[in-house]
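The values are calculated or read from the model by the stated rules, or taken from the named source; none is laboratory data. Just so it is clear, the structure is predicted and the values come from calculations on it, not from any experiment. Backbone-built Cβ (ideal geometry, glycine too); neighbour counts: all protein chains shown. SASA here: full protein model, heavy atoms, side chains in, ligands and nucleic acids out. Shrake-Rupley method; radii C 1.70, N 1.55, O 1.52, S 1.80 Å.
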Amino acid sequence: MGRSDKPTRRPARHPYLDWWGLAEAPFQIEPDPRFAYERDGHREGLSRMLFGLTQLGGIVTITGEIGCGKTTLARALRTTLTGDGFSIASVANPPRTALGLLISLLASMGANRRGGGTPKLAQALRDRLTEENDTGRRPVILIDEAQRLDRRALEELRLLTNPGDGPAVPVVLLGQPELRKTLTRLPQFDQRIVVRYHLAGMTRDETVSYIHHRTRIAGATRRLFSDRAAVAIHEETAGVPRLVNMLCANALFVGFARRETQVGEDLIRDLAEDRRSEEVIKG
């Protein structure tokens, strides 16, 4: 059997899962649709994006801190639009330059064009978007981590929202907060933004519900985190989902090592203090 035929080896099951009565790890860092938790910020962000795309056209911007759930929101938008007659050209972690962005967008639409320079690639993309529009599927461009783009790349996106030798294509940009600062320095681009939304962390009540939701999906039949612990997690993470996941995962492991039967507030505070001490050392 060739090397490529070897079965994929899964990580060994850790005893901490059995200690807590879990079928699987509930707080993985990578997004998993099975653990999706719908919160108010996501619902509002999705509804605003859909309103901008279907009713206004132009450019929609969604910003948020690292780990706040922008990628989850982008996935929800793709799922909704795909089932509603749209054609989506989507790029995550885009190249910085206009040339790289155009190549990536063409590739996402099944057109692997690389040669010819920026003007020819821009026309090739416009032609491909027109083809999609002619089939009755309205094209949309979706860029995740858009703060990476330079001014020329952003200008190419702005031009796509102009009705010209093809359809005016709405654009969705998701990025970190510095994206907002960049766009305010580009008046022509900024004026095309029809919807702006900042995705904040979860509220305290949402954080508590989120923790219990994920442990329940992972197989827990009882509350593994006390309510005081869950509130402490919110205070220590500001409700940022990625930080919540990391703190909760560590709490379950350390709680297992200490033979705790429920994660309490003291354990969360200990872990948070360990993190702050490590940050001081690194600083």
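For this structure, a couple of remarks:
- Simple spin-label estimate for residue 178 and residue 97 in nanometres, 7 Å along Cα-Cβ: 2.0
- Note on residue 112 and residue 249: the extension gain reaches 45.2 nm, defined as 0.36 nm multiplied by sequence separation minus the Cα-Cα distance.
- From the Kirkwood radius over Cα pairs of the chain, Stokes-Einstein at 37 °C and 0.692 mPa s returns a whole-number translational diffusion coefficient of 155 µm²/s.
- Whole-number percent relative contact order across region 129-191, with pairs defined as alpha carbons under 8 Å at least 6 apart: 38
- Backbone phi angles across region 217-227, fed through the Karplus curve with coefficients 6.51, -1.76 and 1.60 (θ = phi - 60°), yield HN-Hα couplings of 4, 7, x, 5, 10, 8, 7, 7, 10, 5, 4 Hz in residue order; Gly and Pro are listed as x.
- When a 1.4 Å probe is rolled over the protein heavy atoms, the share of accessible surface on region 121-193 that falls to carbon and sulfur comes to 44 percent.
- Projecting label points 7 angstrom from Cα along Cα→Cβ for residue 151 and residue 16 puts them 4.8 nm apart.
- The residue list 146, 108, 119 was ranked by how far each Cα lies along the charge dipole of region 106-158 toward its positive end, using unit charges on Cβ atoms, and 119 comes out on top.
- Per residue of the chain, the DSSP helices (runs of n ≥ 4 H) give a summed -39500 (n - 2.57) that works out to -15500 deg cm²/dmol at 222 nm.
- Gain upon complete extension [residue 188, residue 135; 0.36 nm per residue less C-alpha separation]: 16.0 nm
- GluC sites (Glu not before Pro), loop per DSSP, at most 16 other Cβ atoms within 10 Å - longest free stretch of the chain: 39-283
- Restricting the calculation to Cα atoms, region 70-126 yields a radius of gyration followed by a Dmax of 12.7, 35 Å.
- Using a probe of 1.4 angstrom and keeping all protein chains present, the accessible surface of the chain works out to 52 square angstrom per residue.
- Computed from Cα atoms alone, the Kirkwood hydrodynamic radius reported for region 127-269 is 18.6 Å.
- A simple charge model with +1 on the Cβ of Lys and Arg, -1 on the Cβ of Asp and Glu and nothing else charged puts the dipole of the chain at about 640 debye relative to its Cα centre.
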